[in-house]
Amino acid sequence: MIKIYLLGCITMLCNTMLAQIAPSDKYATPETRRLFANLQKISTKGYLVGHQDDLAYGVTWKYEPGMSDVKEVTGDYPGIYGWELGNLELGRDKNLDGVPFDKMRQYIIGAYQRGAVITISWHVNNPFTGKNAWDPAPGSVAAVLPGGSRHEVYKEYLDKVAAFLHELKGQKGEAVPILWRPFHEHTGGWFWWGANSSTNEEYKQLFRFSVDYLRNEKHLHNLLIGYNTGTEFASEAQFLERYPGDDYVDILSFDAYQRGEAKYDPVFVKMLDAGLEIITSIAKKRNKIAAVGETGFNRILYSKWFTQALTPVLKKHRFAYILFWRNAGYKPYDQTTEFYVPYKGHASAADFKTFYKLRETLFEKEVRKENLYGPAKQ
Ligand code: BMA
């Protein structure tokens, strides 16, 4: 009798533990569940290092098969790849940065098959004004919520996103798990979903409606959802002000960039440190994954930036990944140059290679060995 009772207790305990490491979507696919569990555990070893648009173009090249600025410098590809869907909702065949969706689909599937992780952002055009994402017109969020004047248009936007996400399939027909990071930097005022043009409640409703629609109407169960602020928070309560709830979120992250010309920027370093302290603490309490959604120092004006400015802060925290933003190179439309990881020959290339060799930085070769889509490790 006692034996049966004990067995029951152990089973219950196991179930509780398993429930705790499950993603927010209770119908998540097996690969998605395993990725969630493995990403939670990876932080005991280190963090995945990622790059936006890595395979599509670099500072001096575009669409050359196999090319990658990260690989040119380190000999290895990133452990996590960032991609962007902005303009897909308008039915275009290229995203807002000119990346053809046909190519993006192949890059995503290829990286998944090599064992790497995929995260996707969406600088969605403003369905209320018809302008781009950087149009914080008051009333935009209210207009796309159920009952709003642009709700049906917004649903059509989501339909296009869902169709693309459904095309991401592995060799056995399984859905490729995606870290889906919508409505990011919402604590800032520059996007139409941002803090200047929506109330906290409206933002939460937008987030929940969108996730519910993709899950329940579009039957997507391969998404791990990211709640991603800007740098505008100084406490756990502030970070969570627009949090839609544990049933809608798997990953807690924020975007933080070093700006200006200084080599070492104490304001950036302090923010990154404080931000990581806050989100890792919340992630632990809520059984979520912590990550740095976007970062970088545009044009890397300090040749030792990766090992001297960034690494000392990252070493203090346990989180799953960090994503460097895109190596756009020279952009004729605004006459600026943008890149966040070095290219071959850049002054910070040697430093990035040292960063690559650190025990805790996980690029593609190590990530593949971790088998993140396989059974969770104990
Ligand atoms: C920004 C810049 C832009 C780009 C946008 C969306 O931070 O990189 O050039 O269009 O992200 O990817």
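The values are calculated or read from the model by the stated rules, or taken from the named source; none is laboratory data. Bear in mind the structure is a predicted one, so any value in this text is a computation, not a measurement. No Cβ is skipped: glycine too gets one built from the backbone with ideal geometry, and neighbour counts run over all protein chains shown. When the accessible area is computed, the model is the full protein with side chains, heavy atoms only, and any ligands, DNA or RNA have been set aside. Shrake-Rupley method; radii C 1.70, N 1.55, O 1.52, S 1.80 Å.
Things worth noting here:
- Every residue from the range 239-250 that is in contact (Cβ under 8 Å) with a residue 60 or more places away in the chain and either of a type in the set (Phe, Trp, Tyr) or within 29 Å of TYR302 (Cβ to Cβ) (or both): TYR248
- Residue that is farthest from the ligand (Cβ to nearest atom) [pool: residues in the range 269-317 that are open to solvent by 20 Å² or more (accessible area, probe 1.4 Å) and among the small types (Gly, Ala, Ser)]: SER281
- All strands (runs of 3 or more DSSP E) inside the range 315-378 with 1 or more residues being among the polar types (S, T, N, Q): 336-338
- Residues in the range 97-109 that are open to solvent by 20 Å² or more (accessible area, probe 1.4 Å) and within 18 Å of the chain's Cα centre (by Cα): ASP97, ARG105, TYR107, ILE109.
- Candidate set from the range 97-130 (those that are part of a loop (DSSP other than H, G, I, E, B) and within 18 Å of GLU185 (Cα to Cα)); member that is nearest to the ligand (Cβ to nearest atom): HIS123
- Exactly one residue among VAL161, VAL153, VAL141 is within 16 Å of the ligand (Cβ to nearest atom), at pLDDT 95 or above and under 23 Å from ASN216 (Cα atoms), and that residue is VAL161.
- The range 36-74: number of residues that are assigned to a helix (DSSP H, G or I) and within 16 Å of the ligand (Cβ to nearest atom): 1
- Output for the range 318-342, where each listed residue is open to solvent by 10 Å² or more (accessible area, probe 1.4 Å) and away from the ligand (no atom under 16 Å from the Cβ): ARG318
- When residues of the range 78-96 are limited to those that are open to solvent by 40 Å² or more (accessible area, probe 1.4 Å) and either within 18 Å of the chain's Cα centre (by Cα) or away from the ligand (no atom under 16 Å from the Cβ) (or both), the one farthest from ALA133 (Cα to Cα): ASP93
- The range 232-268 - residue that is under 18 Å from the mean Cα position of the chain (by Cα) and among the β-branched types (Val, Ile, Thr) and, of those, surrounded by the most Cβ atoms within 10 Å (Cβ to Cβ): ILE251
- Single residue of GLN171, GLN205 found to be touching a helix residue (DSSP H, G or I) at 6+ places or on another chain (Cβ under 9 Å) and not in a helix (DSSP H, G or I): GLN171
- Looking only at the range 347-375, residues that are open to solvent by 30 Å² or more (accessible area, probe 1.4 Å) and either more than 21 Å from the chain's Cα centre (by Cα) or at positive phi (or both) come to 10 in all.
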